[in-house]
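Asker: Here you go, one structure.
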Amino acid sequence: MKLAFITAFFVVLLLVGCNSEPSLQKYFVENSEKKDFIALDVSSSILNTDKTKLTTEQKTALQSFDKMNIIAYKINDKNKDSFDAESAKVTRILKNDRYQELMKVGSGKDAASVSYVGDEDHIGEFVLFAKRKDNGFAVVRILGKDMNPNNILTMLSVLKSANIDMEQLKPLQGLVNQDKRIKG
(Lines give C-alpha, C1' and ligand atoms only; values in the text may rest on other atoms or scores of the structure.)
Protein backbone atom coordinates (compact mmCIF):
# COMPACT_ATOMS: atom_id res chain seq x y z
CA MET A 1 0.00 0.00 0.00
CA LYS A 2 2.78 2.39 0.96
CA LEU A 3 4.71 1.60 -2.22
CA ALA A 4 1.63 2.28 -4.39
CA PHE A 5 1.09 5.62 -2.65
CA ILE A 6 4.72 6.66 -3.08
CA THR A 7 4.71 5.58 -6.74
CA ALA A 8 1.48 7.49 -7.40
CA PHE A 9 2.94 10.55 -5.67
CA PHE A 10 6.05 10.53 -7.89
CA VAL A 11 3.97 10.01 -11.04
CA VAL A 12 1.84 13.04 -10.14
CA LEU A 13 5.00 15.09 -9.47
CA LEU A 14 6.45 14.02 -12.80
CA LEU A 15 3.28 14.96 -14.68
CA VAL A 16 3.01 18.33 -12.96
CA GLY A 17 6.71 19.01 -13.54
CA CYS A 18 6.49 18.21 -17.25
CA ASN A 19 4.47 21.23 -18.23
CA SER A 20 3.75 21.07 -21.95
CA GLU A 21 2.78 24.73 -22.06
CA PRO A 22 5.10 26.75 -24.33
CA SER A 23 7.59 29.06 -22.64
CA LEU A 24 10.34 31.36 -23.83
CA GLN A 25 12.92 29.13 -22.24
CA LYS A 26 11.64 26.15 -24.27
CA TYR A 27 11.54 28.33 -27.40
CA PHE A 28 15.17 29.33 -26.86
CA VAL A 29 16.27 25.72 -26.34
CA GLU A 30 14.32 24.38 -29.34
CA ASN A 31 15.62 27.03 -31.75
CA SER A 32 19.10 27.98 -30.54
CA GLU A 33 20.84 25.50 -32.86
CA LYS A 34 18.71 26.14 -35.96
CA LYS A 35 20.38 27.85 -38.92
CA ASP A 36 17.96 30.79 -39.13
CA PHE A 37 18.56 31.76 -35.49
CA ILE A 38 21.37 33.41 -33.60
CA ALA A 39 21.40 32.62 -29.89
CA LEU A 40 23.70 33.78 -27.15
CA ASP A 41 23.92 34.15 -23.42
CA VAL A 42 25.45 37.33 -22.05
CA SER A 43 26.68 37.46 -18.47
CA SER A 44 26.64 40.50 -16.22
CA SER A 45 30.40 40.77 -16.79
CA ILE A 46 29.58 42.44 -20.11
CA LEU A 47 29.28 45.66 -18.11
CA ASN A 48 32.87 46.49 -17.23
CA THR A 49 32.20 49.27 -14.75
CA ASP A 50 34.22 50.89 -12.03
CA LYS A 51 31.99 49.96 -9.10
CA THR A 52 33.63 52.60 -6.88
CA LYS A 53 32.12 55.31 -9.10
CA LEU A 54 28.58 53.93 -8.97
CA THR A 55 25.82 55.35 -6.81
CA THR A 56 24.08 53.11 -4.26
CA GLU A 57 21.07 52.92 -6.60
CA GLN A 58 23.28 51.88 -9.52
CA LYS A 59 25.02 49.21 -7.42
CA THR A 60 21.64 47.81 -6.35
CA ALA A 61 20.44 47.72 -9.97
CA LEU A 62 23.65 46.02 -11.09
CA GLN A 63 23.38 43.41 -8.33
CA SER A 64 19.81 42.56 -9.38
CA PHE A 65 20.97 41.74 -12.94
CA ASP A 66 22.21 38.21 -13.53
CA LYS A 67 22.38 37.54 -17.28
CA MET A 68 20.72 38.00 -20.66
CA ASN A 69 19.59 35.35 -23.12
CA ILE A 70 19.19 36.58 -26.67
CA ILE A 71 17.72 34.79 -29.65
CA ALA A 72 17.37 36.47 -33.01
CA TYR A 73 15.71 35.26 -36.18
CA LYS A 74 17.48 36.68 -39.21
CA ILE A 75 15.53 37.02 -42.44
CA ASN A 76 17.02 36.04 -45.77
CA ASP A 77 15.54 35.28 -49.18
CA LYS A 78 14.96 31.62 -48.29
CA ASN A 79 13.14 31.99 -44.96
CA LYS A 80 10.88 35.04 -45.33
CA ASP A 81 7.80 32.80 -45.32
CA SER A 82 8.58 31.34 -41.90
CA PHE A 83 9.15 34.77 -40.31
CA ASP A 84 5.43 35.25 -39.62
CA ALA A 85 5.06 31.76 -38.13
CA GLU A 86 8.08 32.14 -35.82
CA SER A 87 7.04 35.64 -34.79
CA ALA A 88 3.52 34.39 -34.04
CA LYS A 89 4.95 31.65 -31.79
CA VAL A 90 6.77 34.22 -29.66
CA THR A 91 3.71 36.48 -29.57
CA ARG A 92 1.56 33.54 -28.38
CA ILE A 93 4.04 32.73 -25.62
CA LEU A 94 4.08 36.35 -24.44
CA LYS A 95 0.26 36.40 -24.27
CA ASN A 96 0.44 33.79 -21.50
CA ASP A 97 -0.72 35.14 -18.12
CA ARG A 98 2.79 34.57 -16.78
CA TYR A 99 4.08 37.54 -18.82
CA GLN A 100 2.83 40.99 -17.84
CA GLU A 101 3.12 43.52 -20.66
CA LEU A 102 4.64 46.86 -19.62
CA MET A 103 4.75 48.57 -22.97
CA LYS A 104 4.07 47.98 -26.65
CA VAL A 105 5.19 50.08 -29.60
CA GLY A 106 4.07 49.64 -33.20
CA SER A 107 2.01 46.79 -34.55
CA GLY A 108 1.95 44.19 -37.28
CA LYS A 109 5.33 43.33 -38.74
CA ASP A 110 7.22 46.27 -37.15
CA ALA A 111 6.69 46.24 -33.40
CA ALA A 112 8.33 45.98 -30.01
CA SER A 113 7.15 45.09 -26.54
CA VAL A 114 8.50 44.92 -23.00
CA SER A 115 7.07 42.34 -20.60
CA TYR A 116 8.05 40.96 -17.23
CA VAL A 117 7.61 37.90 -15.03
CA GLY A 118 6.93 38.39 -11.33
CA ASP A 119 5.34 41.24 -9.44
CA GLU A 120 6.34 44.89 -9.76
CA ASP A 121 8.89 44.85 -6.93
CA HIS A 122 10.25 41.33 -7.39
CA ILE A 123 10.74 40.80 -11.11
CA GLY A 124 12.73 37.75 -12.14
CA GLU A 125 12.70 38.34 -15.88
CA PHE A 126 12.25 41.23 -18.30
CA VAL A 127 11.48 40.31 -21.90
CA LEU A 128 12.16 42.60 -24.83
CA PHE A 129 10.64 41.45 -28.14
CA ALA A 130 11.30 43.47 -31.29
CA LYS A 131 10.49 42.56 -34.87
CA ARG A 132 11.00 44.23 -38.20
CA LYS A 133 9.70 42.80 -41.45
CA ASP A 134 12.97 43.51 -43.29
CA ASN A 135 15.40 42.17 -40.65
CA GLY A 136 13.70 39.54 -38.50
CA PHE A 137 13.13 39.62 -34.78
CA ALA A 138 14.98 39.39 -31.51
CA VAL A 139 13.91 38.28 -28.05
CA VAL A 140 16.01 39.40 -25.10
CA ARG A 141 15.42 37.84 -21.69
CA ILE A 142 17.00 39.89 -18.90
CA LEU A 143 17.23 37.60 -15.90
CA GLY A 144 17.88 38.60 -12.32
CA LYS A 145 16.39 38.64 -8.89
CA ASP A 146 14.20 41.23 -7.24
CA MET A 147 14.48 43.54 -10.25
CA ASN A 148 11.99 46.34 -10.70
CA PRO A 149 11.28 48.85 -13.48
CA ASN A 150 13.47 51.46 -11.76
CA ASN A 151 16.41 49.03 -11.87
CA ILE A 152 16.11 48.80 -15.64
CA LEU A 153 16.08 52.58 -15.99
CA THR A 154 19.06 52.81 -13.65
CA MET A 155 20.85 50.13 -15.67
CA LEU A 156 20.52 52.36 -18.72
CA SER A 157 22.49 55.07 -16.89
CA VAL A 158 25.14 52.46 -16.00
CA LEU A 159 25.32 51.39 -19.66
CA LYS A 160 26.26 54.94 -20.69
CA SER A 161 29.43 54.82 -18.61
CA ALA A 162 30.20 51.10 -18.98
CA ASN A 163 33.07 49.73 -21.00
CA ILE A 164 30.95 47.04 -22.69
CA ASP A 165 32.70 43.77 -23.53
CA MET A 166 31.78 43.63 -27.24
CA GLU A 167 33.29 40.15 -27.58
CA GLN A 168 30.19 38.70 -25.88
CA LEU A 169 27.99 40.31 -28.56
CA LYS A 170 30.07 39.17 -31.53
CA PRO A 171 27.53 36.53 -32.71
CA LEU A 172 25.00 39.31 -33.35
CA GLN A 173 27.29 40.97 -35.89
CA GLY A 174 25.77 38.88 -38.68
CA LEU A 175 22.33 40.29 -37.93
CA VAL A 176 23.61 43.88 -37.91
CA ASN A 177 25.59 43.33 -41.12
CA GLN A 178 22.54 41.78 -42.76
CA ASP A 179 20.54 44.91 -41.84
CA LYS A 180 23.09 47.03 -43.76
CA ARG A 181 22.83 44.76 -46.82
CA ILE A 182 19.04 44.97 -46.90
CA LYS A 183 18.97 48.75 -46.59
CA GLY A 184 21.93 49.29 -48.90
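The values are calculated or read from the model by the stated rules, or taken from the named source; none is laboratory data. All values reported here derive from a predicted model rather than from experimental measurement. Because the Cβ atoms are built from the backbone with ideal geometry, glycine has one as well, and the counts that use them run over all protein chains shown. Quick note on the areas: whole protein, heavy atoms, side chains included, nothing else; ligands and nucleic acids left out. Shrake-Rupley method; radii C 1.70, N 1.55, O 1.52, S 1.80 Å.
Asker: First select every other residue whose beta carbon is under 13 angstrom from the beta carbon of Arg98; then total the charges, Lys and Arg +1, Asp and Glu -1. Please report the intermediate quantities before stating the final value.
Answerer: Working: positive: Lys26, Arg92, Lys95, Arg141; negative: Glu21, Asp97, Glu101, Asp119, Glu125.
So the environment of Arg98 carries a net charge of -1.
Asker: Could I ask something else about it? Give the accessible surface of region 21-142 per residue, rounded to a whole number of Å², with probe radius 1.4 Å and ligands, DNA and RNA excluded.
Answerer: Details: 6950 Å² over 122 residues.
Accessible area per residue: 57 Å².
Asker: Can you pull the percent of region 46-128's accessible area that's carbon plus sulfur, 1.4 Å probe, other chains left in place?
Answerer: The nonpolar share, carbon plus sulfur, comes to 48 percent.
Asker: Label-point separation (nm) for Lys53 and Glu101, each offset 7 Å from Cα along Cα-to-Cβ?
Answerer: With each label placed 7 Å out from Cα toward Cβ, I get 4.0 nm.
Asker: I want to make sure I understand the PRE zone here: with the label point 7 angstrom from the Cα of Glu120 toward its beta carbon, which residues in region 92-108 have backbone N atoms less than 12 Å away?
Answerer: It comes to no residues whatsoever.
Asker: In region 33-85, with Lys and Arg counted as +1 and Asp and Glu as -1 at Cβ, which of these residues, Leu47, Phe83, Phe65, has the Cα nearest the positive end of the dipole, that is, farthest along it?
Answerer: Working it through, the farthest residue towards the positive pole turns out to be Leu47.
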